[in-house]
Amino acid sequence: MTEPRKIIIDTDPGQDDAAAIMLAFGSRDELNVLGITTVAGNVPLSYTSRNARIICELCERRDVKVFAGADAPLARKLVTAEHVHGKTGLDGPSLPEPTMPLQPGHSVDFIIETLRSEPEGAVTLCTLGPLTNIALAFQKAPDIVARVRELVMMGGGFFEGGNITPAAEFNIYVDPEAADIVFRSGVPIVMMPLDVTHQLLTRKDRVARMAAIGTPPAKAMVEMLEFFERFDIEKYGSDGGPLHDPTVIAYLLQPELFKGRDCNVEIEVTSELTVGMTVVDWWHVTDRKRNAKVMRFVDADGFFALLTERFARI
Ligand code: BDR
Ligand code: CA
């Protein structure tokens with residue numbers, strides 16, 4: 001049997017971040033979570049650091065190391081999304097305050113030390129929020145960029161436009177300077193944009209299959225999703241809300257669920273109108289370097305089947 005793949009999850013939980021973390025926890029044969037690093041995004045850092053530990057405890061994974069990271073974007077004021085995720089970021093179920101401690105030290109240092117101490121090409125970075133911690137780590141220790149196996153991110157949007165402005169997706173919008181550093185770094189990137197995640201609606205029949213699992217983590221997840229989807233159902237008039245962040249983990253488990261192509265992606269950092277836009281050269285109309293595998297299509301039923309199967313294993 002092959003060794004489980006080593007991953008660091010960089011996150012701003014968020015109900016859909018919680019679903020991604022739970023998908024990883026339910027996949028222990030394939031994935032070894034070396035640590036969870038938190039960042040400010042959906043809600044301020046104190047809440048994202050709390051929420052990451054709540055999820056670990058809900059899944060009886062107190063052994064997982066959780067580090068707090070950047071509390072603000074590189075060059076801008078923090079924009080949060082309580083209007084989507086609620087005041088705590090994890091509104092929905094009533095869950096106890098966590099008792100497991102945060103690890104001493106900063107997320108950025110944990111990322112650097114882990115990439116330096118693990119063999120080259122062994123560690124995959126999974127990013128579910130603004131890219132602040134990753135950009136800081138790449139700036140502080142440029143030697144680690146070449147040691148990353150792959151960076152799989154939820155972020156951006158192109159054919160679907162944006163979800164926080166007409167042009168920008170939330171994770172990139174919050175810290176466009178950080179995204180710019182990451183996309184220019186040369187690290188191998190797989191990008192899960194809104195073009196993919198908007199195909200993954202939490203339809204009633206899909207959520208009912210999760211509810212049927214009946215375990216405490218599955219029950220809490222269903223309550224989180226019921227809270228989370230209300231905003232998008234109203235906004236898009238859709239049957240359920242789009243589930244963004246678990247695409248990152250699903251890609252590691254079953255890449256064949258997704259289809260995309262290698263493209264150049266650049267980040268708009270100056271225009272007031274389109275700041276945070278991910279400009280994807282999908283049609284290869286320039287000769288700019290192809291720096292990301294951009295996903296566009298997903299087998300939605302296959303994705304939800306994977307999610308349900310793995311939630312049942314937690
Ligand atoms: C992204 O923004 C956050 O609200 C979600 O957790 C997801 O990472 C979607 O735009
Ligand atoms: Ca997120």
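The values are calculated or read from the model by the stated rules, or taken from the named source; none is laboratory data. Here the structure is a predicted model, which means the values were calculated and not measured. Every residue, glycine among them, receives a Cβ derived from its backbone with ideal geometry; neighbour counts consider all protein chains shown. Keep in mind that these areas ignore ligands, DNA and RNA; they rest on the heavy atoms of the full protein, side chains included. Shrake-Rupley method; radii C 1.70, N 1.55, O 1.52, S 1.80 Å.
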| How far, in nm, would the chain grow between A212 and Q103 when pulled straight, counting 0.36 nm per residue and subtracting the alpha carbon separation? | 35.7 nm
| remark: Treating only Lys and Arg (+1) and Asp and Glu (-1) as charged, each at its beta carbon, one finds that the stretch 1-66 has a dipole about its Cα centre, in Debye to the nearest 20, of 200 debye
| request: Would you work out the relative contact order for the chain, in percent, from Cα pairs under 8 angstrom that are 6 or more residues apart? | output: 20 percent
| Which residue, D91, D63, D16, has the most motion in a Gaussian network model of the chain that connects Cα atoms within less than 10 Å? | D63
| Which is farthest toward the positive dipole end of the chain among I189, V148, P96, measuring Cα position about the Cα centre, with Cβ charges +1 (Lys, Arg) and -1 (Asp, Glu)? | V148
| field | Cα-derived Rg over Rh, computed across the stretch 5-311 with Rh taken as Kirkwood radius | value | 0.93
| query | On full extension of the chain, what length is gained from R116 through D299, given 0.36 nm per residue of separation minus the C-alpha to C-alpha distance? | reply | 62.3 nm
| task | Have a look at A141, A40, A179 and tell me which one the Gaussian network model of the chain (Cα, springs below 10 Å) gives the largest fluctuation. | result | A141
| remark: Rh_Kirkwood(the stretch 191-314) over Cα pairs, Å, one decimal, evaluates to 16.1 Å
| message | So, for the chain, what is the accessible surface per residue at a probe of 1.4 Å, expressed in square angstrom? | response | 39 Å²
| query | For the chain, what proportion of DSSP beta bridges, expressed in % and rounded to the nearest 5, is antiparallel? | reply | 25 percent
| message | Using the Cα centre of the chain as the reference point, and only Cβ charges (+1 on K/R, -1 on D/E), how large is the resulting charge dipole? Debye, rounded to the nearest 20. | response | 400 debye
| field | Apportionment of accessible area to carbon and sulfur, the chain, percent (1.4 Å) | value | 52 percent
| query | Among D195, D299, D175, which one moves the most in a GNM of the chain with springs linking Cα atoms closer than 10 Å? | reply | D299
| message | Over 30 Å between Cα atoms: which of K6/K259; K65/K259; K6/K77 fall into that group? | response | K65/K259; K6/K77
| Scanning the chain for helices, which whole DSSP H stretches are 27 Å or more long along the axis (Cα) and average -0.5 or more by Kyte-Doolittle? | 216-236
| note | In whole angstrom, the spacing between the Cα centers of the stretch 21-98 and the stretch 151-184 equals 19 Å
